[in-house]
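Worksheet: one structure, shown below.
The values are calculated or read from the model by the stated rules, or taken from the named source; none is laboratory data. Here the structure is a predicted model, which is why all the values come from computation and not from measurement. As a convention, Cβ positions derive from the backbone with ideal geometry for all residues, glycine included, and neighbour counts pool all protein chains shown. Ligands, DNA and RNA are excluded from the accessible area calculation, which covers all protein heavy atoms including side chains. Shrake-Rupley method; radii C 1.70, N 1.55, O 1.52, S 1.80 Å.
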Amino acid sequence: MNPFAELAESSLALDCARKPAVEAVIARFQTEHGEAGSPIRAIHHEPATEGTFAEIPPGVDGRIQRALARRGIVRLFSHQAEAFALAQQGSHIVLVTPTASGKTLGYNLPVLNSLVQDPDACAMYLFPTKALAEDQYHEFRATVEEMGSQTRAFTYDGDTPQDARKAIRQRANVVLTNPDMLHSGILPHHTRWARYFENLRYVVIDELHYYRGVYGSHLANLLRRLKRICVFYNSAPQFICCSATIANPRELAERLTGVPFELIDRSGAPRGEKFLIFYNPPVVDRQLGIRRSYIQETRRVALEFIERDLQTLVFANSRLATEVLVTYLKDAFDGGPTPSESVRGYRGGYLPRERREIERGLREGEIRAIAATNALELGIDIGSLDAVVMAGYPGTIASTWQRAGRAGRRQGASAAVLVASSAPLDQYVVEHPDYFFGRSPEHAYINPENLEILLAHLKCAAFELPLRDGEKFGPHDTAALCQFLEERGFLHHSAGAWHWTSDSYPADATSLRAITSDNFVVIDITGEPKVIAEVSFPAALTTLHEKAIYLHEARQYHVERFDYQERKAYVQRVDCDYYTDAIDYTRVEALEEAEGEVLGGARRVYGDVRVNRQIVGFKKIKFYTNENVGAGKLSMPEQEMHTTAFWLHFPAAFLTRFKEYSSSEKQSAIAGLGTALRTVASLLLMCDPCDLGTALSAEATTTFEPNLYLYDTYPGGIGQSAPLYRMAPELLRQTAELLAGCGCEAGCPSCVGPSGEIGKRGKEVAVRILKELNGPQ
């Protein structure tokens, strides 16, 4: 028997053994679901399904067919065969099928076929993370070795040794990399890659749905630079993209690449039995709308799986929540039969060696439970997990299914539980399961024309090749932009082209993950000083300020010194029973209106704004009880940015319609309305709620005429304000539904905010304001 068949048989036996344990937990949930006041809001069952198959097309090279047969693959799933046929026609393809449906073979097959038939041909694979590129490299290499092919594939990223890079440039047919390395390590040095670019036939972009907002806006400009280099070397590669389910995969692919695509969205893969459970923690104070801690409930639900020896992945939406959950789960195992070392954390900021060790422990079964951020959401091979528990709604339907799909990837029975937090977005989704389980209404938006991002990549493009007179960058005429950069000392015009003249290396000054490239290094000074983590600039201001408790792998560190200028934080190991949470103050001011019109007596507007934000203090929160056990004041540097916003302006004439309410009640209600609007806006835009900020400010007039802002939380904006402006009527309608569907009496964290913050009549006034804005029904 060949090793692949043996692996399949052992995996099937393991799945069968685990199935009763999974079903025992599901049965308990089903019993509880029928009880009055049950926290189980929905149980969605997807029965196992048979696959839809197609014969391997005759155009597939015989060597590949024989290699697939040795791996037990004698037929293709229907979507794989369709992808191959379209690729053979020269079409650009976007493939949208569920997790573990064979998308990898869907793009590997046409690429391998081209490489086998033309030994000089080359391909580039782009993955959003180094870990995913490394994982897919092993999959690709196994197939190549099975074929006995001379195709040479390599990963090329920041971890690639310097002495290996020259050999890769000279020999590689396939380079598996990430956008960051393409941006800073490949395109600026394209002359060293001349052979590769001359023969580039395919560009594969995996996890397409990941590229939205700032990252997607950067990638679109990066691909403009890539296509420009390809034109220089007389190549025109085909694009193959893969995505989880979103509403506009073809539109997103076309916006990112600037070329037309064919869409494949019918999966032919068989599917194992899956359960997705919506769990809403019980209300402990109905009047205040307070529920049990979702972190504590996540711990309890996860332990139900772990105690039945089911390997469990727990997702959290922030680094802080991840570390708190690691602490809670390790505490639960202290002194028990399962060692606490079998519980680990996984998030950005961990060093690469630490992450590889955790991934290996998961595959080999040594790690029985792991708490992770979205770093494990993507398709890294971590073996066959039995259960996924999500601490809070991930922010999008696509991400929720992606996380749920990490369990049962090898066709066994699996379960995923979404434990809702008190956040309005979580409550909307968990109380409207039909919204979630229907067709995804989410869109992925990018804004490649963001001026700050566009100029950064235009500088990089000029560094790579002179910009010729009349040359376009995407849809843009570059003349005015080049003149601006000349005034700043970056470019010089000569012989009909704009040449780079600065001594700087522009790619180094631009981070694709955000608009600021600064990171803070965390240095442990408990003993011999050593670097233990790296933290992004925005996160550092809230997690590494002096006197903060920084959490790393359930260990607590006290921040002794925060060096803002050098971007370093010095921490010391401590043992304490609390963590810290930063308090910030934000002020927004309108600078310029791009468009505006009357809406229900108020005005809807979008345009440019200035946002000033400062971290002014912190709270000490006790583990388990969440008690506030202290606070401190801080004097951190104020951060100012210009960005874009959608806002509602409430004239005095509009507010006089609510004479029975005081000015302070109206002000509190509008602030609470901002909380609810942000919830629905993040649903409509398919963005993380953290990508949108809210603020209430009054114009400097003799009467109270407030503006309620929903602003992009990145300098220059990321293209969310204009769509919100256009969708304002739908935004207001769905917000009214959210408030009407919430069972609280006077406001709670699940709608407009707790009544203690917005007043006893805050929700009542917010409902009245929405009714006026929506007009007669």
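When the pairs LYS659/LYS760; LYS547/LYS622; LYS166/LYS459 are compared against a 24 Å limit on Cα-Cα distance, LYS166/LYS459 fall above it. Can you give the local net charge around SER502? Use residues other than it whose beta-carbon is closer than 13 angstrom to its beta-carbon, Lys and Arg +1, Asp and Glu -1. Spelling it out: positives minus negatives among the neighbours equals -2. Taking a ≥ b ≥ c as the square roots of the eigenvalues of the alpha carbon gyration tensor, the stretch 410-539 is oblate, as a/c is not under 1.5 and a/b does not beat b/c. Each of ILE264, VAL324, ILE290 was scored by the projection of its Cα onto the charge dipole of the stretch 199-343, and the greatest displacement toward the positive side belongs to ILE264; charges sit on the C-beta of Lys, Arg, Asp and Glu.
So if I place +1 on the C-beta of Lys and Arg and -1 on the C-beta of Asp and Glu, and nothing else carries charge, what would the dipole magnitude of the chain be about its Cα centre? I want it in debye, nearest 20. It would help to have the intermediate numbers written out before the result.
On the way: 83 positive and 96 negative charges, 96 e Å.
Around 460 debye, computed over the chain.
Would you work out which of THR643, LEU310, ALA391 lies farthest towards the positive end of the dipole of the chain, given +1 charges on the beta-carbon of Lys and Arg and -1 on that of Asp and Glu, about the Cα centre? Of the options given, the answer is LEU310.
Estimated translational diffusion coefficient (Stokes-Einstein, Kirkwood radius over Cα pairs, 10 °C, 1.306 mPa s) of the stretch 125-262: 102 µm² per second. According to a simple spin-label model (label point 7 Å from Cα along Cα-to-Cβ), what is the distance in nm between ALA194 and ARG356? For ARG356 paired with ALA194, the spin-label model returns 3.4 nm. Here's the picture: a label point sits 7 Å out from the Cα of ALA653 along the beta-carbon direction, and within the stretch 707-747 the residues with their amide nitrogen under 19 Å of it are 707-708.
The H on the amide N of ARG41, modeled in the peptide plane, is under 5 Å from the matching H of PHE278, TYR279, ASN280, each at least 5 residues off or on a different chain. A Förster distance of 56 Å, applied to the separation of the beta-carbon atoms of VAL74 and ARG733, puts the FRET efficiency at 0.60. Pop the C-beta distance of GLU366 and VAL616 into the FRET formula with R0 = 51 Å and round what comes out to the nearest 0.05. Efficiency computed from Cβ-Cβ geometry: 0.70.
Mean separation of Cα pairs under 8 Å and 6 or more residues apart, divided by the residue count, gives the chain a relative contact order of 12 percent. Simple spin-label estimate for ALA497 and ARG300 gives 6.8 nm between the two label positions (7 Å along the Cα-to-Cβ direction from each Cα).
Taking only alpha carbon atoms, the stretch 451-523 gives an Rg to Rh ratio of 1.04, where Rh is the Kirkwood radius. Got a sec? Charge dipole of the chain, +1 on Cβ for Lys and Arg, -1 for Asp and Glu; which of GLN720, GLY672, GLN30 is way out at the positive end? Going by the Cα projections, it comes out as GLN30.
Go through HIS190, HIS558 and list them by solvent-accessible area, largest first, probe radius 1.4 Å.
Order by accessible area, largest first: HIS558, HIS190.
Please state the charge dipole magnitude for the stretch 399-541, taken about the Cα centre, from unit charges on C-beta atoms (+1 on K and R, -1 on D and E), reported in debye and rounded to the nearest 20. My answer is approximately 720 debye.
Give me the extension gain from ARG567 to SER663: residue separation times 0.36 nm, minus the current Cα-Cα distance, reported in nm with one decimal.
30.1 nm
With each pseudo-label sitting 7 Å past Cα toward Cβ, what's the ALA631-ASP469 distance in nm, one decimal? Each label point is offset 7 Å from its Cα along the Cβ direction, giving 6.4 nm. What FRET efficiency comes out for the pair ASP434/ASP159, r = Cβ-Cβ distance, R0 = 41 Å, nearest 0.05? E(calc), rounded to 0.05, equals 0.35. Calculated mean residue ellipticity at 222 nm for the chain: -11500 deg cm²/dmol, from DSSP H runs with n ≥ 4 weighted as -39500 (n - 2.57), summed, divided by the residue count and rounded to 500. Using the structure shown, list the pairs from LYS330/LYS568; LYS130/LYS330; LYS666/LYS771 with a Cα-Cα distance above 22 Å, or answer none. Flagged as over cut-off: LYS330/LYS568; LYS130/LYS330. Segment ASN234..HIS44, full-extension length gain: 63.2 nm, with 0.36 nm per residue of separation and the alpha-carbon distance subtracted. Relative to the Cα centre, the charge distribution of the stretch 548-654, modelled as +1 at Lys and Arg Cβ and -1 at Asp and Glu Cβ, gives a dipole magnitude of about 380 debye. Extension gain for ILE525 to GLU757 (0.36 nm times residue separation, less C-alpha to C-alpha distance): 79.4 nm.
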